[in-house]
Amino acid sequence: MRAFTYERARSPREAAAAVAADPTARFIAGGTNLLDLMKLEIETPARLVDVGGLKLDQIAPTRDGGLRIGALVRNTDLAADKRVRKDYGVLSRALLAGASGQLRNKATTAGNLLQRTRCPYFYDTNMPCNKRSPGAGCAAIGGFTRSLAVLGASEACIATHPSDMAVALRLLDATVETVAADGTERSIPIADFHRLPGETPQVETALARGELITAVTLPKPIGGVHAYRKVRDRASYAFALVSVASVIHKDGSGRVALGGVAHRPWRVEAAEGLMPRGAKAISEGLLAGARTTAQNAFKLTLAQRAIGAAIIEARA
């Protein structure tokens, strides 16, 4: 790990200004992903700005019946919150499906949204990776692709997004609140927050340089039966090959989002009208345009079966 300086920010705006003014600076809070990347010298910040003391760790109701989740709320605390368990069960289940208990105790809401891909070629610094070194090439294309994207990929990158929590937030139509260095605040719909790779896979979100996440807001509850199914190589502490977040109502209508299949949580609202016709119909809509390899084509069948299991669970 390379040497770096460390400082504690006194306000969100001060933190945003510090990172915006210094291209070598990074925010740090839980550090569960960043420190690993620093040890591998994939991330080499010369300056860390600690935002952990900014008191952004509260969960509060909103005027329209939703919830506002502070950026620093720990994953464990969010999953255990009574309001989340009662009205946003898919979010609680997704959080508990991720990482380990120790990591969830440290990981924050904002950090979870910003975690980097687990593509093995991103972590192997001996291999070319456009996400790690723009313009270097993508060793994953033509390489071992079993865990990689089947939707939304490009000729520059076929990595997947690793977060379980983000899949549930996409399903629930969350909004990401931020503050910039000049104090400007904005609200970004989660559908617009994570980007597809295109020609610039190193640009993963809609955040500008130095823009700091301050909260995530959930709209009022939508009812229905909430489920999160994660299929992975190990029963715990593994990333999704395919995950399914769903909310299904008694009349068969509902919402579905997928994880483990694309560079961002994958949801196609136009396909959700097919939900009452069953798993095959909704899967065909969700997975339209998929591009697979011999190693990851199984994800299409896996997604359909996981959606089918969620529908059966909702009807039980």
Practice problem: In vacuum, with every alpha carbon of the range 68-205 counted as one equal point scatterer, what does the Debye formula give for log10 I(q)/I(0) at q = 0.18, 0.19 Å⁻¹? Two decimals, please. | Solution: -1.07, -1.14
Practice problem: Pull up all non-local amide H partners of Thr205: gap of 5 or more, or a different chain, and H-to-H distance under 5 Å with H placed in the peptide plane. | Solution: Arg195
Self-check item: Cα-based convex hull volume of the range 201-285 per residue, rounded to whole Å³
Solution: 162 Å³
Exercise. Round to the nearest 0.05 the FRET efficiency obtained for Glu284 and Lys250 when R0 = 30 Å and r is the Cβ-Cβ distance.
Key: 0.80
Quiz item: Which three lengths, in whole Å and largest first, does the range 5-52 cover when its Cα atoms are put on their principal axes?
Solution: 30, 20, 14
Quiz item: Using the Karplus equation 6.51 cos²θ - 1.76 cosθ + 1.60 (θ = phi - 60°), what ³J(HN,Hα) coupling, rounded to whole Hz, does each residue of the range 182-194 give in order, writing x for Gly and Pro?
Solution: 8, x, 5, 9, 8, 10, 10, x, 4, 5, 9, 7, 8
Self-check item: For the range 226-238, 3J(HN,Hα) per residue [Karplus equation, 6.51 cos²θ - 1.76 cosθ + 1.60, θ = phi - 60°, Hz, x = Gly/Pro]
Solution: 9, 8, 9, 10, 10, 9, 8, 6, 10, 5, 8, 6, 8
Practice problem: Could you calculate, for the chain, the ratio of the Cα radius of gyration to the Kirkwood radius, expressed as Rg to Rh? | Solution: 0.96
Quiz prompt | Alpha-carbon Rg/Rh ratio, for the range 157-215, with Rh computed the Kirkwood way | solution = 0.98
Quiz prompt | Built amide H within the under 5 Å cut-off of Ala238, gap 5+ | solution = Ala99
Practice problem: Any chance you could look up the accessible area of Glu41 with a 1.4 Å probe, heavy atoms only, rounded to 10 Å²? | Solution: 80 Å²
Self-check item: Residue-wise HN-Hα coupling along the range 209-216, computed from phi with Karplus coefficients 6.51, -1.76, 1.60 (Hz; x: Gly, Pro)
Solution: 4, x, 5, 10, 6, 10, 6, 10
Quiz item: Taking amide hydrogens as modeled 1.01 Å from N in the peptide plane, which residues meet the under 5 Å criterion relative to Phe144, leaving out close sequence neighbours?
Solution: none
Practice problem: Quick one, can you get me the convex hull of the C-alpha atoms of the range 1-157 expressed as volume per residue in Å³? | Solution: 156 Å³
Quiz item: Can you give the charge dipole size of the range 158-295 about its Cα centre, rounded to the nearest 20 debye, using +1 on the beta carbon of Lys and Arg and -1 on the beta carbon of Asp and Glu?
Solution: 580 debye
Self-check item: Compactness of the range 272-316, expressed as Rg and Dmax over alpha-carbon positions, Å
Solution: 11.3, 36
Exercise. Only helical DSSP H runs with n ≥ 4 go in: add -39500 (n - 2.57) per run for the chain, normalise by residue count and round the 222 nm mean residue ellipticity to 500 deg cm²/dmol.
Key: -7500 deg cm²/dmol
Quiz prompt | Ratio Rg/Rh [Cα only; Rh per Kirkwood] for the range 221-262 | solution = 1.08
Quiz item: Using the heavy atoms of the protein chains alone and a 1.4 angstrom probe, what is the accessible area of the chain per residue in square angstrom?
Solution: 46 Å²
Quiz item: Pick from Thr184, Thr108, Thr44: which residue has the top mean-square fluctuation in a GNM of the chain where Cα pairs under 10 Å get a spring?
Solution: Thr184
Quiz item: Taking a point 7 angstrom from the Cα of Asp233 along the C-beta vector, which residues in the range 122-146 have backbone N less than 19 Å away?
Solution: 122-127, 139-146
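The values are calculated or read from the model by the stated rules, or taken from the named source; none is laboratory data. Just so you know, these numbers come straight off a predicted model, no measurement behind them. Here Cβ is always computed from backbone atoms with ideal geometry, including for glycine, and neighbour counts include all displayed protein chains. Accessible surface is based on the protein model in full, side chains and every heavy atom, while ligands, DNA and RNA are left aside. Shrake-Rupley method; radii C 1.70, N 1.55, O 1.52, S 1.80 Å.
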